[in-house]
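The values are calculated or read from the model by the stated rules, or taken from the named source; none is laboratory data. Only a predicted model underlies this, so the values are computations on that prediction, with no experimental measurement involved. When we count neighbours, we look across all protein chains shown, and the Cβ atoms used for this are built from the backbone with ideal geometry, even at glycine.
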Amino acid sequence: MFKLCFSFLFLISIGSALAADSKHPLHSHNDYEQDRPILAAFDNNFKSIEVDIWLSNNEVKIAHNPWHFKGTLEEMYLIPLQKMVDAGTINADAENPILLWIDIKDIRQKINKRLAAVLEKYPMIGNEVRVILTGSKRLKRKFVLDFPHIAVDRDENTLEDLQDSPTPFHWFTIKWSKNFTWNGE
């Protein structure tokens, strides 16, 4: 028990130290579930935001499940972000960007083409805002190959992916439940 408490306190102290360092941003997972999506994150100095996307009626929509859409990626995130970047109201640049994690939940390949068309409209992508694709391994690999001119990164999910990566990866994600037993209680 002592070991567990000590480990937990150690992780909290590391988290606090990293949060104070702008190079290690705080992260808002499923940000769209907040009362004030994106705004609450920035008010609390979060520089990393994650959203889940689906394709519905040829629009890239935000939701954890495809039957409860919150809005579109553009209206909820891209338009407000571009306005903040243009107005200079957020502290971000190409060296210290806002991280926008886009979790591709929809497994249909046509979401990639639509997502590319949406992202291409925003000059902040690849500059003040870095997009990181997560979710479907097949779709994010295909996106990077089909749209290399769009500045996106992708995460890698297994060590085996390291050799076969079509582009340099910058992020590595792991499944919490495969590595930890703590469930928040």
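Annotations for the structure displayed:
- Filter pass, GLU95 being over 18 Å from PRO148 (Cα atoms), of a type in the set (Asp, Glu) and at pLDDT 90 or above: no
- For the stretch 127-146, a residue qualifies if it is modelled with pLDDT under 80 and touching a Leu at 6+ places or on another chain (Cβ under 8 Å), and the qualifying residues are LYS140, VAL144.
- Failed criterion for MET124 (all others in (1) within 19 Å of ASP103 (Cβ to Cβ); (2) of a type in the set (A, V, I, L, M); (3) at pLDDT 80 or above hold): (1)
- Restricting attention to the stretch 58-77, the residues that are part of a helix (DSSP H, G or I) and more than 14 Å from LYS105 (Cα to Cα) total 4.
- Check on LEU55, part of a strand (DSSP E or B) and over 21 Å from ASN127 (Cβ atoms): yes
- Residue that is modelled with the highest pLDDT, among those in the stretch 58-92 that are over 16 Å from GLU120 (Cα atoms) and of a type in the set (Phe, Trp, Tyr): PHE69
- Here the stretch 1-56 is the region considered, the condition is being of a type in the set (Gly, Ala, Ser) and closer than 30 Å to ALA117 by Cα, and the residue that is modelled with the highest pLDDT is SER56.
- The one condition from (1) in contact (Cβ under 8 Å) with a residue 24 or more places away in the chain; (2) closer than 16 Å to ASN91 by Cα; (3) among the acidic types (Asp, Glu) that ASP43 does not meet is (1).
- The stretch 89-145 - residue that is within 13 Å of TRP54 (Cβ to Cβ) and of a type in the set (D, E, K, R) and, of those, surrounded by the fewest Cβ atoms within 10 Å (Cβ to Cβ): LYS110
- Where a residue in the stretch 133-147 is free of Cβ contacts under 8 Å to residues at least 24 places away in the same chain and its partner, wherever it lies, is acidic (Asp, Glu), with Cβ under 9 Å and at least six apart: VAL144/ASP153
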